[in-house]
Each structure stands twice: as C-alpha cells, then as structure tokens.
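Peer 1: Please see the structure below; I have some questions.
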Amino acid sequence: MKYTLKNKDIELTDDEVKEIVKQNQVKEVKEEKVVGVAIMSKLGGIKFQSTKTTFKEAVEEGEANLSDANLRGANLRGADLSEANLIGADLSDANLSDANLSEANLSDANLIGANLSDANLSDANLIGANLRGAELQNAKFYGRGGTRKITKAQLPDFLNAIGFQVEE
C-alpha cells in the first residue's frame, strides 16, 4: 500500500504497517507514568497503590489493608490511622508523632525507633509489637484498660521496658 509521510510517498506492506502500529502502542505504554505513592509489602511487591502524593495521605484513604506493609521511615506525622489494620507492619523509624492510632491493630508491628511522641494509642492492640528505641514522650495509652495485671514488684521492670528508669 502507498502512504504519504512528510510529503513523500512510501510503500509499506500490511505486516510493516502492523509492526509500526505495535511499536507505537508499546511506546505509549512505556511513557505512561503512575503518579502517587506505592506502599510495598514487607515481602516485596506493591501492597497498596494510591494516587495521593504523600504516605500520610495514602494511608488515610481508609481502603488500604496495611497489614505487613513496609512503612519503614515513612512520615506519618498527624495521620489519622484510627482503627487501621497494621498487623505485622514495618513502621521502624517512621514519624508517627501526633498520629491518631486509637483502636489500631498494631500487633506484631515493628515500631523500632519510631517517633510516637504525642500519638494517641488509646485502645490500640500492641500485643507482640516491638517498641524498642521508640520515642513515646506524651504518647497516650489510656482507654478502656486491659485485663492483664502486674504486681508492684513487676512495676519497675515494666516502666524500664517502656523507657523509664526507676529511682529509689
């Protein structure tokens, strides 16, 4: 078949035309850019894709299942994560200061070195969570209260575990 390209006549077979169209479609797909934040799984692969531009906005969408999510070092300052499913999530070194984590499920979460200052953790499930080195200044843990009791003799060990040194 004859075609005119930039005022020049050229002849192409049907197969050549199909190949040109195919290459052009591949080029368009390669040039398409995904805008937003991808939250990765701890095991690799995308756990949740958002069109939002910050981790804070992405996790606040509410539809995300953040269990086992890799949020290491994420800036989630002031994020509303109340009732969020963060089971087994890696939040190490994340900034969660001023965040609302009330009633969030943080069981088995990695919170090593996380900044939880002024965070609301009332009624949050922290069973198995690792808070080693976490900043807990002014964090709120009050709520309905737990059923587990400790003795007065265990109190110094408990306070030491959450960063307090008991003086006699």
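The values are calculated or read from the model by the stated rules, or taken from the named source; none is laboratory data. A quick note: this is a predicted structure, and the numbers were derived from the prediction, not measured. Glycine also receives a Cβ, built like all others from the backbone with ideal geometry; neighbour counts cover every protein chain displayed.
Peer 1: Of all residues in the range 86-117, how many are over 14 Å from L136 (Cβ atoms) and part of a loop (DSSP other than H, G, I, E, B)? Walk me through how you get there before you give the answer.
Peer 2: From the range 86-117, those over 14 Å from L136 (Cβ atoms) are 86-90, 92-93, 100, 102-105, 107-110; that's our starting set.
From what's left, part of a loop (DSSP other than H, G, I, E, B): 86-89, 92-93, 102-104, 107-109.
Within the range 86-117, residues that are over 14 Å from L136 (Cβ atoms) and part of a loop (DSSP other than H, G, I, E, B) number 12.
Peer 1: Among L66, L43, which is part of a loop (DSSP other than H, G, I, E, B) and under 18 Å from N100 (Cβ atoms)?
Peer 2: Values: L43 fails: under 18 Å from N100 (Cβ atoms).
Result of the check over L66, L43: L66.
Peer 1: Something else now. Considering only the range 42-69, state which residues are out of contact with any strand residue (DSSP E or B) (no Cβ under 7 Å at 6 or more places or on another chain) and crowded, with 20+ Cβ neighbours inside 10 Å.
Peer 2: V59
Peer 1: Then there is this: I'd like the full set of residues that are of a type in the set (A, V, I, L, M) and either closer than 14 Å to K47 by Cα or surrounded by fewer than 20 Cβ atoms within 10 Å (Cβ to Cβ) (or both), limited to the range 70-98.
Peer 2: Looking only at the range 70-98, we keep the residues that are of a type in the set (A, V, I, L, M), and these are 71, 74, 76, 79, 81, 84, 86-87, 89, 91, 94, 96.
L71, L86, I87, A89 - these are the residues of the range 70-98 that are of a type in the set (A, V, I, L, M) and either closer than 14 Å to K47 by Cα or surrounded by fewer than 20 Cβ atoms within 10 Å (Cβ to Cβ) (or both).
Peer 1: Would you mention how many residues in the range 143-168 are modelled with pLDDT of 75 or more and either touching a strand residue (DSSP E or B) at 6+ places or on another chain (Cβ under 7 Å) or under 27 Å from N95 (Cα atoms) (or both)? Break it down stepwise before answering.
Peer 2: Taking the range 143-168 and keeping what is modelled with pLDDT of 75 or more, we get 149-159, 164-168.
Pick out the ones that are also either touching a strand residue (DSSP E or B) at 6+ places or on another chain (Cβ under 7 Å) or under 27 Å from N95 (Cα atoms) (or both) and you get 157-159, 164-165.
Final tally of qualifying residues: 5.
Peer 1: Which of the residues that make up the range 79-90 are in contact with a Lys or Arg (Cβ under 7 Å, 6 or more places away or on another chain) and either free of Cβ contacts under 8 Å to residues at least 12 places away in the same chain or of a type in the set (A, V, I, L, M, F, W, C) (or both)? Spell out how you get there, then give the answer.
Peer 2: Step one: filter the range 79-90 for residues in contact with a Lys or Arg (Cβ under 7 Å, 6 or more places away or on another chain), giving 79, 90.
A79 - this is the single residue of the range 79-90 that is in contact with a Lys or Arg (Cβ under 7 Å, 6 or more places away or on another chain) and either free of Cβ contacts under 8 Å to residues at least 12 places away in the same chain or of a type in the set (A, V, I, L, M, F, W, C) (or both).
Peer 1: Would the range 69-84 turn up any residue that is modelled with pLDDT of 90 or more, of a type in the set (S, T, Y) and part of a loop (DSSP other than H, G, I, E, B)? Write out each step before concluding.
Peer 2: Step one: filter the range 69-84 for residues modelled with pLDDT of 90 or more, giving 69-84.
After this cut, where a residue has to be of a type in the set (S, T, Y) as well, the list is 82.
After this cut, where a residue has to be part of a loop (DSSP other than H, G, I, E, B) as well, the list is 82.
Yes, because at least one residue in the range 69-84 is modelled with pLDDT of 90 or more, of a type in the set (S, T, Y) and part of a loop (DSSP other than H, G, I, E, B).
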